[in-house]
1. For the stretch 84-99, which positions are in a helix (DSSP H, G or I), surrounded by fewer than 20 Cβ atoms within 10 Å (Cβ to Cβ) and charged (D, E, K, R)?
2. Any chance the stretch 401-411 includes a residue that's within 18 Å of the chain's Cα centre (by Cα), buried (at least 22 other Cβ atoms within 10 Å of the Cβ), within 16 Å of the ligand (Cβ to nearest atom) and modelled with pLDDT under 95?
3. On the given criteria, is Ala263 open to solvent by less than 30 Å² (accessible area, probe 1.4 Å), at pLDDT 85 or above, of a type in the set (A, V, I, L, M) and within 14 Å of the ligand (Cβ to nearest atom)?
4. Hey, can you tell me all the residues within the stretch 122-137 that are modelled with pLDDT under 95, open to solvent by 70 Å² or more (accessible area, probe 1.4 Å) and assigned to a helix (DSSP H, G or I)?
5. Which residues, counting only those in the stretch 317-374, are among the β-branched types (Val, Ile, Thr), open to solvent by less than 30 Å² (accessible area, probe 1.4 Å) and over 18 Å from Leu239 (Cα atoms)?
6. Pick out the one residue from Val114, Val57 that is touching a Leu at 6+ places or on another chain (Cβ under 6 Å) and either within 16 Å of the ligand (Cβ to nearest atom) or assigned to a helix (DSSP H, G or I) (or both).
7. Within the stretch 77-104, track down each residue that is closer than 30 Å to Val159 by Cβ and modelled with pLDDT of 95 or more.
8. Listed residues Val340, Val301, Val281, Val321; which is at pLDDT 95 or above and either more than 16 Å from the ligand (Cβ to nearest atom) or not basic (Lys, Arg) (or both)?
Amino acid sequence: MQSTQNSIHGYWSSDRAFFLAATGSAVGLGNIWKFPYITGENGGGAFVIVYMACIIVIGVPVMMAEIMLGRSGGKSPIHAMKDHVKNSDGHNIWESVGWMGAIAGAIILSFYSVIAGWALSYTFLSAKGGLANINGDGAGQLFSQLLSSPGSLLIWHTVFMTMTMTVIGYGLKRGLEQAIRIMAPWLVVLLTLLAIYSVLYASYADSLLYLFSFDFSKLTTESVLVAMGHAFFTLSIGLGAIMTYGAYLPKSASIPKLTISIALADTLIALLSGFIIFSIVFSNGLEPSSGPGLIFQTLPVAFGNMPFGRLFGTAFFLLIVLAAWSSAISAVEPINAWLVEKYGITRLKSSLISGIPVWIFGVGTLLSFNIWSEYKIWGKTFFGVVDFLASNILLPLGGVLIALFTGWIMQKSISRAELKIGNRMFIGWMFSLRYVAPILIIAIFINIVGIF
Ligand code: TRP
């Protein structure tokens, strides 16, 4: 029996390249756009605590399992899970982890691209000086104008999908690795500059209070579900994206160390983004609970009125685009790796075959902000349903299956050899995968029923 396989797609050139790519996948719209607005919608501090607990108790162990499954499988999740299931005499049902993840990745990308398109549009707007001296009302109007125009949304969505599929087309080293190497340092520099700006010119104390004051009375069952879903979303786990990146990880790299570094970097960046955004929200009398438009209605006010705001604004929106870009590629990499393995086609072909349906599906999201905004299922728009389905159902479901498979079905000798951790750590990890993560995820799932 073969416990480890070689990747036909090649390998990352170093541990650092994997770290950057996986962090690039983790850090995205989830950190800069979604985390602040869901924190706002769910009342602040208490939500942040639940979210961080989910990262530690569920996120880190599941991420380790996912990277381990990827590296020992050496293939796209669909094929890797097939091999793993065969090797451990498991039931076919476990193979669903692979294809379900591939589908969820495509669904996520479909709406991710529309939102990244908003950031693209704001990048150009800011560069043209369109945010100069804008106030809260003006920023709100600007945002509604964009959302009410399907034509503009379609253009930006198309541009972003083309960017994403181009990187995929270039493959691992020339595409994914290069792209991320250039993007990562810029993201960090800009976030730091904006944090400094918040401390000097915005209501940073109110922001800290908001993020870290724990009013548990504001926490509902749905909030807990959202926090858990977001822990999966922000770490890019539960659907095979990180598993695919793991397949390209050299055998010498330490999975536990890398996992912890990625989770830490991702959480820090989310907190920093939240800190910056709420500082600006409070200093401009804006509402923290204004939903998906939050950063698009708040940051322009700051950029429009600060020294060198045109430069800062353009750079910041560009960085959101970059962060989203490095995440988007990981969401469709599983399908692409699978297409290349299964049909022996070129990357260019696989990127077209996977990209076009995602692009079409994304049109549903962009219309749900205008023409279709009145059509609701379970009180949610098309975008709301797709986001909820992918982030709150498919991701945790993928996560629970990964945890259970690794905990109960897979041979311990393989996972132990991959992780190379001490006995106590290994037992702790197993305990989390066998009991803690599944029980928590399932308990929270059962409560979904109450939401509808
Ligand atoms: N982690 C990304 C973010 O926070 C989103 C993302 C990218 C993702 N690829 C994924 C989520 C794969 C789940 C699975 O923005």
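The values are calculated or read from the model by the stated rules, or taken from the named source; none is laboratory data. Quick caveat, the model's predicted, so the values are computed rather than measured. When we count neighbours, we look across all protein chains shown, and the Cβ atoms used for this are built from the backbone with ideal geometry, even at glycine. Each accessible area value is taken on the protein alone, full model and side chains, heavy atoms only, with ligands, DNA and RNA left out. Shrake-Rupley method; radii C 1.70, N 1.55, O 1.52, S 1.80 Å.
1. Correct list: Lys86 only.
2. Of the stretch 401-411, the ones within 18 Å of the chain's Cα centre (by Cα) are 402.
So of that shortlist, the ones also buried (at least 22 other Cβ atoms within 10 Å of the Cβ) come out as 402.
So of that shortlist, the ones also within 16 Å of the ligand (Cβ to nearest atom) come out as 402.
Those still in the list that are modelled with pLDDT under 95 too: none.
No, the stretch 401-411 contains no residue that is within 18 Å of the chain's Cα centre (by Cα), buried (at least 22 other Cβ atoms within 10 Å of the Cβ), within 16 Å of the ligand (Cβ to nearest atom) and modelled with pLDDT under 95.
3. On the way: open to solvent by less than 30 Å² (accessible area, probe 1.4 Å): yes; at pLDDT 85 or above: yes; of a type in the set (A, V, I, L, M): yes; within 14 Å of the ligand (Cβ to nearest atom): yes.
So Ala263 passes the test.
4. Asp137
5. Result: Ile320, Val321, Val340, Thr365.
6. Working: Val57 fails: touching a Leu at 6+ places or on another chain (Cβ under 6 Å).
The unique qualifying residue is Val114.
7. The initial filter retains those residues of the stretch 77-104 that are closer than 30 Å to Val159 by Cβ, namely 77-78, 99-104.
Listed by number, the residues that qualify are Pro77, Ile78.
8. Numbers: Val301 fails: at pLDDT 95 or above; Val281 fails: at pLDDT 95 or above; Val321 fails: at pLDDT 95 or above.
Going through Val340, Val301, Val281, Val321 in turn, the sole match is Val340.
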